[in-house]
Amino acid sequence: MGPVAGVTRDDGASLGELDDVRLLDACRAGRPGAFDVIVERHRRSVYQLCYRFVGSHEDASDLSQEVFLRVYRGLGRFRGGSSFATWLHRIGVNACLNRVAVKKPLTEELDARQHADTRTESPSERVLRQERGARVRAAITQLPPKQRATLVLRMYQELSHEEIAEVLGSSVGAVKANFFHALGNLKRLLGDEAL
Amino acid sequence: MAHLTPARLVDLAEGTEPESAVPHLGECDACRRSLAELRATMTVVVGPGGRGDDAVPEPSPLFWDHLSARVRDRVAESAPGGTGWVESWLRPRVALPILATVAGVVIVAVVASRGPIVQTPIPSTPLPIGESAQLPSLPPLEPLGTADDPSLGLMADYGTALSWDDMREEMALPGRAGSTDEAVITLSAEERQELQRLLEEEMTQPSALGAS
């Protein structure tokens, strides 16, 4: 998608330089390549959000495509009442919740590759870290959907409680309570030795 | 004594609210324990090194471009007036079953156009078994080559045109000394003609048809 990011208008503005809101305007105006830039900009975040929910690369890949397709179809409905990131997360979380409602969580392979910097750790430390990460991810996929959404959005997507409330359509107090219970359930799932 | 609410404990665990502002913590072991467990679990979730410690496995470097390309394809399919409809029909997953169905229909139509299969009627009355069993009388066999069936005539023509020596050579028949094959092969032309006449005569006898 590199080439499309460099597409310029007559006034010289590059698509890659536009913020999300102006990119959405460009999409609505039918400007070629504008939506490609949106996808390129947010694909990693969307993929990671989906992966946290479903725990497998294949499902996360499918879900990511679905999320962007929903975004494209909903372009006309986005009025800018919330930020684009919040709107995108709302679509992503809804797609993930729909998916996990009809599909059992998968158990992730322990030897899944990770992109953490491993140059300073020994092989045994690396194995331990990977096992711990896989256990945490597997435990997260067993949480009730709303608790899972809250935990993922807060801990990994780094959304504020207010943003999460907007994404999930609930109150800030409810989000904090969900987060509290999610952590409690996670502690129970992981067992005391993990803490 | 009222304990701290989950929301309040979350604020304390995240540092949004300082512990010093909550005197209850100094008096309540249960709330202190809850807060400590909350912090410990948060540390495990993000890992000691932060978010990167529990990172999502990184897909292949090519994956991101493939993802973008697939999104672009799906967007093009869903776009009004796009070529998505045609493209979706040309996909093997859709096209192959359709082609297989069409082929099946064509085969059935061709077979049906050749008309019904003629079956020999089976006598409705069971045939008697035993000494009194009597086969229905059959018409006498006509000499080979004069029957209605043109294929029999063709076979007869081939039979008369092909000599035993030619056949032997064509089929590479082995000639065993003293065998019937050898006797037939060594017959003279007159003897073969006589043998053929005798065989045809024998075949036209009612006994050759199995009638009693």
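The values are calculated or read from the model by the stated rules, or taken from the named source; none is laboratory data. Keep in mind the model is a prediction, meaning the values are calculated, not measured. As a convention, Cβ positions derive from the backbone with ideal geometry for all residues, glycine included, and neighbour counts pool all protein chains shown.
Worth a mention:
- Residues of the stretch A:144-184 that are within 12 Å of A:Leu97 (Cα to Cα), surrounded by fewer than 24 Cβ atoms within 10 Å (Cβ to Cβ) and within 11 Å of chain B (Cβ to nearest Cβ): none at all.
For every residue, the table says whether it meets (1) more than 14 Å from chain B (Cβ to nearest Cβ); (2) touching a residue at least 40 places away in the same chain (Cβ under 8 Å).
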| site | (1), (2) |
| --- | --- |
| A:Ala26 | yes, no |
| A:Ala29 | yes, no |
| A:Pro32 | no, no |
| A:Arg41 | no, no |
| A:Val46 | no, yes |
| A:Cys50 | no, yes |
| A:Val54 | no, yes |
| A:Glu58 | no, no |
| A:Phe78 | yes, yes |
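- Taking the criterion of being within 11 Å of chain A (Cβ to nearest Cβ) and modelled with pLDDT of 90 or more, the residues of the stretch B:61-73 that qualify are B:Phe63, B:Trp64, B:Asp65, B:His66, B:Leu67, B:Ser68, B:Ala69, B:Arg70, B:Val71, B:Arg72, B:Asp73.
- Selection within the stretch A:71-116 - at pLDDT 90 or above, of a type in the set (Lys, Arg) and surrounded by 15 or more Cβ atoms within 10 Å (Cβ to Cβ): A:Arg90
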